Amino acid sequence: MKKKTLLTISLTVIAALLIAGITAGVLLTRGERGGDDGNGANVDQSGSVGDVGDGKEEDGDNKEDGNVVPEPVESVFAVWWWDNRLDESYLDFAAAQGVNEIYYYASSFTERISDFIRSASAKGIKVYWLAGKYEWIEDYASLKEKLRSFLEFQTSSEYKFEGVHFDIEPHQHPEFDARRIELVTEFVELTFAMKRDYPDIRFAYDIPCWLDDEITLNGVTRPAYEFIIDNADRVTLMSYRDSCEGVLKFAEDEINYALSAGKVLNLGVETGEEEDIVTFYEEGAEYMNGQLDLLRETMPAGFGIAVHHIRSWRELTERTG
């Protein structure tokens, strides 16, 4: 089990939120996505995962109150874009909401994608390639083939992706209950392989807020999420709760670790038709916007917000005004 400690942040309002009686519950499976993702992968078990370390930074001038203070960065406001058949009006909607990053799903790379990136760039929005299949955990060769196509696109296109945003969810594996530790460990090994084999690509990962399984790599035993936060250029937490307090409480341990490691996170929120505690679907757009404003005021400096996903978000806004 993880240790439940209050965020070591001086803002008293955050402390008040974190001690509120919010029940964290089990993260539910996200809603149906548009289209087949046409991908697949596994870690190269023959290679070393490298130096896993202890997850702790050396003492330095960038620490405050025992935590490493992240370098100032522009706060992210992102959205998952699972259906690449959507028309340009959705891009206009995203820009109107203040989005500055899009996680854009594609199973193949075409000139149409370059056109989308160009249009998004004109609106001040960065675009990451969104991809993921649980099969990749056990089929690394297939993932490498996809990344070969990605790199060919990056080389040949005038308008390029900022990096890769992986949504690889080991809990979708049909044998997850029986092989949980094995699959979680292989998923973490995959993040080491990406960092080792593709050092020039920026990799981001989606992870659920319950990925606290204790795993051992190279003799080091730590929660899985700590390894992933260390390896990733960015992590987006699927911290799907329908209030600012709920999001912060659900993501409490990951936030604490990221602060201690000098990393920033994106905190994810859901807009689709899911269990009420998970989504803002029932509460509506006005309430959600208020909670997101509160989240921006209370979450650690430099942290971002990501909305799942563009179609349901727009539908929510049009339905509730």
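The values are calculated or read from the model by the stated rules, or taken from the named source; none is laboratory data. Since we're looking at a predicted model, the values are computed, not measured. Glycine gets a Cβ as well: all are built from the backbone with ideal geometry, and neighbour counts include every protein chain shown.
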Looking only at segment 187-216, and only at residues there that are closer than 19 Å to ALA261 by Cα and in contact with a Gly (Cβ under 7 Å, 6 or more places away or on another chain), the one that is surrounded by the fewest Cβ atoms within 10 Å (Cβ to Cβ): ARG202
Qualifying residue in segment 217-228 (condition: in contact with a Gly (Cβ under 7 Å, 6 or more places away or on another chain), in a helix (DSSP H, G or I) and touching a residue at least 40 places away in the same chain (Cβ under 8 Å)): yes
Close pairs (8 angstrom Cβ cut-off, 6 or more residues apart or separate chains): within 18 Å of ASP87 (Cβ to Cβ) in segment 301-317, of a type in the set (Phe, Trp, Tyr) and in a loop (DSSP other than H, G, I, E, B) anywhere: HIS309/TRP82; ILE310/TRP82; ARG311/TRP82; SER312/TYR281
Any hit, segment 312-319, residues being of a type in the set (Val, Ile, Thr), outside any loop (DSSP other than H, G, I, E, B) and surrounded by fewer than 21 Cβ atoms within 10 Å (Cβ to Cβ): yes
Every residue from segment 158-177 that is within 25 Å of VAL127 (Cα to Cα) and either part of a helix (DSSP H, G or I) or hydroxyl-bearing (Ser, Thr, Tyr) (or both): TYR159, PRO170
Selection within segment 178-189 - basic (Lys, Arg) and in a loop (DSSP other than H, G, I, E, B): ARG179
Test: residue in segment 302-316 that is closer than 16 Å to ILE255 by Cβ and over 19 Å from the mean Cα position of the chain (by Cα): no
Options ASN218, ASN256; residue that is in contact with a Ser or Thr (Cβ under 9 Å, 6 or more places away or on another chain) and modelled with pLDDT under 95: ASN218
Residue in segment 269-283 that is of a type in the set (Val, Ile, Thr), under 19 Å from the mean Cα position of the chain (by Cα) and assigned to a helix (DSSP H, G or I) present: no
Filtered residue count, segment 140-186, keeping only those that are touching a strand residue (DSSP E or B) at 6+ places or on another chain (Cβ under 6 Å) and free of Cβ contacts under 8 Å to residues at least 24 places away in the same chain: 0
Filtered residue count, segment 190-216, keeping only those that are farther than 16 Å from GLU252 by Cβ and either in contact with a Cys (Cβ under 7 Å, 6 or more places away or on another chain) or not in a strand (DSSP E or B) (or both): 14
Helices (runs of 4 or more DSSP H) contained in segment 42-157 and holding at least 3 residues over 25 Å from PRO199 (Cα atoms) and either of a type outside the set (A, V, I, L, M) or at pLDDT 95 or above (or both): 88-96, 111-122
